[in-house]
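The values are calculated or read from the model by the stated rules, or taken from the named source; none is laboratory data. Bear in mind the structure is a predicted one, so any value in this text is a computation, not a measurement. A quick note on method: Cβ atoms are made from the backbone with ideal geometry, for glycine too, and the neighbour counts reach across all protein chains shown. Accessible surface areas use protein heavy atoms only, side chains included; no ligands, DNA or RNA. Shrake-Rupley method; radii C 1.70, N 1.55, O 1.52, S 1.80 Å.
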Amino acid sequence: MNTIDVSYDVAAYRKLAPKKFVLSYLSKVLEKLNLSNVEFSVSFIDEENMHQMNLEYRNIDDSTDILSFAAEDEDEDGFAFISAGRRKRVLGDMLICPEVLARNAQTFNVPEQQELRRLLIHGVLHLSGENHTTNDIASEPMLQKQEAILVELGE
C-alpha cells in the first residue's frame, strides 16, 4: 500500500490536478516502475514559491515546472538519507508549479493534462533515484523512459 500526500497552495490548482486523478495516475506510474509500499508527497505550489525554492536549492534565479527532493539522496558529505526503521520506503517530495506547467504545455503544443502526466512521471523517476544532466530526450535515458511510460499509460 502506497501513501501519497497531495496538497495545493491555491485551491484553483485542484481543477488542473484533481486529487483523485493525481493519486490514480501516480498509482499507475508506481505499478509500471514496480514500486510498492512507498510514501511521498506532491505539492502544487505557486510560481513565486517555486522561484524561491529553485533559487534556494538549485541556485537558479527563475521558476521551474517541477522540483524533486529524494529522501534517499546523498548530502554533500556523501551520506545517504534513508528511511531507516520505517515500514514504507520514503521517496521524498515533489513540487509542481501549475503556471510553468501551463506555459510549457503551450510552448510544446500539448494539452495541459498531458504535461501534468509527464511531470508526475518525471517526479517519480527522480524520487526513485533516476537523474538527467540535460533536457535532451535523444541522449538522456531517464527522459526516454519518462516518454515511454507516458505513451504506455496513454491518455
Pair list, Cβ under 8 Å, 6 or more apart: the range 6-17 residue more than 15 Å from Glu112 (Cβ to Cβ) and among the acidic types (Asp, Glu), other residue open to solvent by less than 70 Å² (accessible area, probe 1.4 Å) and assigned to a strand (DSSP E or B): Asp9/Ser43; Asp9/Phe44
Quick check on the range 31-38. Is at least one of its residues of a type in the set (A, V, I, L, M), surrounded by 14 or more Cβ atoms within 10 Å (Cβ to Cβ), in contact with a helix residue (DSSP H, G or I) (Cβ under 6 Å, 6 or more places away or on another chain) and at pLDDT 95 or above? no
Within the range 124-136, considering residues that are out of contact with any helix residue (DSSP H, G or I) (no Cβ under 7 Å at 6 or more places or on another chain) and closer than 27 Å to Val90 by Cβ, the one surrounded by the most Cβ atoms within 10 Å (Cβ to Cβ): Leu127
Based on what the data block shows, is Glu56 over 24 Å from Gly154 (Cβ atoms), surrounded by fewer than 16 Cβ atoms within 10 Å (Cβ to Cβ) and out of contact with any helix residue (DSSP H, G or I) (no Cβ under 7 Å at 6 or more places or on another chain)? yes
Any hit, the range 94-104, residues being open to solvent by 80 Å² or more (accessible area, probe 1.4 Å) and at pLDDT 95 or above: yes
Within the range 105-123, residues being open to solvent by 40 Å² or more (accessible area, probe 1.4 Å), of a type in the set (S, T, N, Q) and assigned to a helix (DSSP H, G or I) number 3
Quick check on my filter: what residues within the range 54-93 are modelled with pLDDT of 90 or more and of a type in the set (Ser, Thr, Tyr)? Tyr57, Ser63, Thr64, Ser68
Only residues that are free of Cβ contacts under 8 Å to residues at least 60 places away in the same chain and either open to solvent by 20 Å² or more (accessible area, probe 1.4 Å) or more than 16 Å from the chain's Cα centre (by Cα) (or both): list them for the range 137-155, please. Ile137, Ala138, Ser139, Glu140, Pro141, Gln144, Lys145, Glu147, Ala148, Val151, Gly154, Glu155
